[in-house]
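Written below as structure tokens is the structure these notes are about.
The values are calculated or read from the model by the stated rules, or taken from the named source; none is laboratory data. A quick note: this is a predicted structure, and the numbers were derived from the prediction, not measured. Every residue, glycine among them, receives a Cβ derived from its backbone with ideal geometry; neighbour counts consider all protein chains shown. For accessibility, only protein heavy atoms count, side chains too; no ligands or nucleic acids. Shrake-Rupley method; radii C 1.70, N 1.55, O 1.52, S 1.80 Å.
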Amino acid sequence: MYRNIYDNDVTVWSPQGRIHQIEYAMEAVKQGSATIGIKGKNHSVLVALKRASSDLSSHQKKIIPIDDHAGISIAGLTSDARILSKFMRTECLNHRYVYGSPLSISRLVTAVGDKAQTGTQISGRRPYGVGLLVAGADEKGPHIYYICPSSNFYQCKCMAIGARSQSARTYLERRKDDFKNIEDLNELIGHALRALRDCLPNDSELTTKNVSVGYVGVDTDFTIKDDDEVEDYLKDIEEDKPSTTAEADPQQGAGESMDTQ
């Protein structure tokens, strides 16, 4: 049996119990540039690798603010991310208007998952081809969630998605138990940038043009740093560059073919 017999519509199951349209959408996430989220004791941090479609265009923005207490980073189709981010903003605004308080992160993520799920069961529609890392903080503390195109969502200590992200996940897995005790925001951002650096090809560097940083805390509104604002963070990780790069070399081949926008 040929695979393409069962991938014409999102409502068609294969004999193996798979929905190929959803798997294709998840492949789109692997083709997007890498993004990383880390949860500390009081803060959640997002860092993302921006990509320019050509030398004549600006770098695509990867971190999107949602509310004072939440933001997202994306990997995959930017157009799909715009639709979901608009929906998330509307949910937060409606909750503030009705209840006068910010929407909890778990309820926000659940609402997005429910919206994404409708595209996986109705004929003529398709799944959203974007993965979201949601960083937020509420009365329960900081949070990092991953929402994938299958409409599943997971609460994470740390997470990396996108092209060549296996190297970053290896870095995060070695240190995941240490992040929860980190109170210093700059230290948390440093770890995220080191993990992001492992996603780069050997001939590339992190620069102020291709890196975005976003963070939110229990007492800190969601903030995005771009361009010259990230220069100090990059200087902080320059001194340990040789050792970190040597550690990451065995993993650098992972996902190398997934380099399209």
Where in region 15-41 does the label zone of residue 61 land, with the point 7 angstrom along Cα→C-beta and an amide N cut-off under 19 Å?
33-36
Taking the alpha-carbon distance from residue 176 and a cut-off under 16 Å, which lysines remain once sequence neighbours fewer than 8 residues away in the same chain are dropped?
39, 41, 157
Region 45-126 pair-distance distribution - Cα-Cα, 10 Å bins, rounded %:
15, 41, 29, 13, 1
Give the carbon-plus-sulfur fraction of the accessible surface of the chain in %, rounded to a whole number; probe 1.4 Å, heavy atoms of protein chains only.
47 percent
Which of 137, 34, 116 moves the most in a Gaussian network model of the chain with Cα springs under 10 Å?
116
With all protein chains in place and a 1.4 Å probe, residue 211 shows an accessible area in Å² (nearest 10) of 0 Å²
Roughly what would the spin-label model give for residue 13 and residue 117, points 7 Å off Cα along C-beta, in nm?
1.6 nm
With +1 on the Cβ of every Lys and Arg and -1 on the Cβ of every Asp and Glu, the dipole magnitude of region 3-69 about its Cα centre, in debye rounded to the nearest 20, is 320 debye
Semi-axes in Å, largest first, for the chain (Cα gyration tensor, √(5λ)) are 29, 25, 16
By accessible area with a 1.4 Å probe, ligands and nucleic acids excluded, highest first: order of 197, 107:
107, 197
Report the charge-dipole magnitude of the chain in Debye, nearest 20, computed about the Cα centre from +1 at each Lys and Arg Cβ and -1 at each Asp and Glu Cβ.
1100 debye
